[in-house]
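What follows is calculated from the coordinates using simple rules that are stated; it is not laboratory data. Computed from a prediction, not measured in an experiment: that's the story for all the values here. Neighbour counts are summed over all protein chains in view; Cβ atoms, including those assigned to glycine, are modelled from backbone coordinates with ideal geometry.
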Amino acid sequence: MVLAQLGGSISRAIQQMSNATIIDEKALNDCLNEITRALLQSDVQFKLVRDMQTNIKKIVNLDDLAAGHNKRRIIQQAIFNELCKILDPGKSSFTPKKGKTSVVMFVGLQGSGKTTTCTKYAYYHQKKGWKPALVCADTFRAGAFDQLKQNATKAKIPFYGSYTESDPVKIAEEGVETFKKENCDLIIVDTSGRHKQEAALFEEMRQVSEATKPDLIIFVMDSSIGQAAFDQAQAFKQMVAVGAVIITKMDGHAKGGGALSAVAATKSPVIFIGTGEHMDEFEVFDVKPFVSRLLGMGDWSGFMDKIHEVVPMDQQPELLQKLSEGNFTLRIMYEQFQNLLKMGPIGIFNASWV
Ligand SMILES: Nc1nc2c(ncn2[C@@H]2O[C@H](COP(=O)(O)OP(=O)(O)OP(=O)(O)O)[C@@H](O)[C@H]2O)c(=O)[nH]1
C-alpha cells in the first residue's frame with residue numbers, strides 16, 4: 001500500500017526511541033532525524049518536513065516534562081498530530097446535498113485518474129440514491145469521451161459529450177444545462193489533464209470553471225506523484241478554486257509523500273481515495289483513521305464502521321435483547337461467526353504500538 005514504507009519507518013523510529021533506557025534530548029533528536037529522513041525519502045516537501053520537526057520539538061519540551069510523565073506517549077501523540085496536520089487543512093469542503101443540484105468539476109494532471117474517478121464518484125452517490133450525470137469536457141485526449149461513455153454506460157449513469165465539438169467550454173456549458181433541466185442532483189464535469197507549463201490549457205480550465213460555475217472543484221492526484229507535486233497542486237489552486245482532493249492509485253506501491261505535499265499545497269481536504277481500477281474501489285477518506293493505520297496504531301473507528309456494515313443497525317437491538325435474556329443459541333453463534341468472516345482480515349485495524 002502507498003505510504004506503507006513511510007509508516008513502517010516512522011513506527012520503527014518511535015519504537016527505537018521507546019526502547020532507550022532514558023528518553024533524553026539525544027533519543028528524541030535521533031528519533032526525529034530518522035522520521036525526517038523517512039519523510040524526505042518518500043518525497044514529502046522539505047519545508048513541510050522541517051516545520052513538522054520544529055513543531056514537535058516545541059510541543060515536546062523534555063525539560064518541562066516532570067518525571068512520571070509518559071514521554072513516549074506524548075512524543076507519539078505529537079508525531080501523530082503533526083502528520084494529521086499535513087493532511088488536514090482544518091476546514092471541510094463543500095458537500096453536495098441529495099435532491100439539490102450541484103455541479104462538481106474534476107481537474108488534475110494527465111493520467112492522474114480523473115475520468116475513472118469521475119465515474120467512481122458518480123457511482124458512489126448513485127448507490128446512495130442520488131441522480132448523478134457525467135459531462136465529458138475533455139476534447140484534448142482522443143478517446144476520452146469514449147472512455148467516459150463506456151464507464152457511464154456500465155454504471156447506467158447519463159452522460160454528455162461530443163465527437164465533433166472541439167470547444168470544451170461549450171460542451172461543459174451545454175452538458176450542465178442539459179442535466180439541470182433533467183433535475184440531476186450531481187452534475188460531474190470531467191476535464192482534460194494538464195500541467196502548469198501548459199498555459200493555454202490552464203486558461204481553458206479557468207474558462208470551463210467560469211462557464212459552469214461549479215459548487216466544488218476536485219483536484220485528482222495520482223499517489224505516485226513525486227517532488228513536483230507541491231508546485232503543480234499550488235498552480236491548480238491558483239488558477240481555479242480547488243475545494244477538495246481525491247488521491248488515486250492508493251493500491252499501488254508508490255512512495256506517496258508527494259501526495260501529502262500536494263494536499264498541503266491546495267489547503268483542501270482529501271475526501272476520497274481510489275484503491276483500484278474498478279468502479280467500487282473507492283473509499284471515503286478520514287485523516288485520523290488513515291494516519292492511525294499508517295503508523296500501525298490500529299483504526300478503531302474503521303473497525304466500528306465495519307461492524308456496523310456487517311451487523312446492520314436494525315439487527316443490533318434484537319441481538320442485544322436476545323443476549324440480555326441469556327438467549328445465546330447455536331444459530332446466533334453461527335450467524336455471528338458468519339458476520340466475522342464478512343469483515344475480512346482484521347489485521348488492518350490492528351494496533352502494533354499503542
Ligand atoms: N490501480 C489503480 N488504477 C487507477 C486508479 N484510478 C485510475 N486508475 C487507472 O489510471 C489510468 C489513467 O486513468 P484515467 O481515468 O484515464 O486518467 P485521466 O486523468 O482521466 O487521464 P487524462 O484525461 O489523460 O488526463 C487508467 O488505466 C485507470 O484505470 C486507482 O485508484 N488504482
If you place +1 on the Cβ of every Lys and Arg, -1 on the Cβ of every Asp and Glu, and leave all else neutral, what size is the dipole of the chain about its Cα centre, to the nearest 20 Debye?
340 debye
Kindly express, to the nearest 10 degrees and within the range 0 to 90, the angle between helix 229-239's C-alpha long axis and the longest C-alpha principal axis of the chain.
40 degrees
Loop-located trypsin sites (Lys or Arg not before Pro) in the stretch 130-164, at most 11 other Cβ atoms within 10 Å (DSSP):
K156
Length-normalised contact order for the stretch 2-87 - Cα pairs under 8 Å, 6+ apart - percent
28 percent
Out of A155, A199, A254, any idea which swings most in a Gaussian network model of the chain, alpha carbons joined below 10 Å?
A199
So what does the Cα-only Debye profile of the chain read at q = 0.10, 0.13, 0.14 Å⁻¹, as log10 I(q)/I(0), no solvent term?
-0.71, -1.03, -1.12
With a point put 7 Å past each Cα toward its Cβ, work out how far D30 is from D146 in nm, to one decimal.
6.0 nm
Distance in nm between F337 and L320 label points, each 7 Å along Cα→Cβ, equals 2.6 nm
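Kindly provide the helix-only [θ] at 222 nm of the chain, computed as the sum of -39,500 (n - 2.57) over DSSP H runs of four or more divided by all residues, to the nearest 500 deg cm²/dmol?
That comes out to -16000 deg cm²/dmol.
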In degrees rounded to 10, the 0-90 angle between helix 300-310 Cα long axis and the longest Cα principal axis of the chain is 60 degrees
Please report the antiparallel percentage of the DSSP beta bridges confined to the chain, to the nearest 5.
10 percent
What do you get for the angle between helix 330-342 and the principal long axis of the chain? Use alpha-carbon atoms, 0 to 90 degrees, nearest ten.
70 degrees
Contour excess over end-to-end distance, with Cα ends at D280 and S166 and 0.36 nm allotted per residue
37.9 nm
Normalised by the residues of the chain, what does the relative contact order come to in percent, with Cα pairs under 8 Å and at least six apart?
21 percent
Potential lengthening between I59 and F94 on full extension [0.36 nm per residue; Cα-Cα distance subtracted]:
9.4 nm
Output ordering of 117-123, 241-247, 95-101 (per-residue mean of other Cβ within 10 Å, highest first) is 117-123, 241-247, 95-101
Any idea what the dipole of the stretch 2-87 comes to, in debye rounded to 20, about its Cα centre with Lys/Arg Cβ at +1 and Asp/Glu Cβ at -1?
120 debye
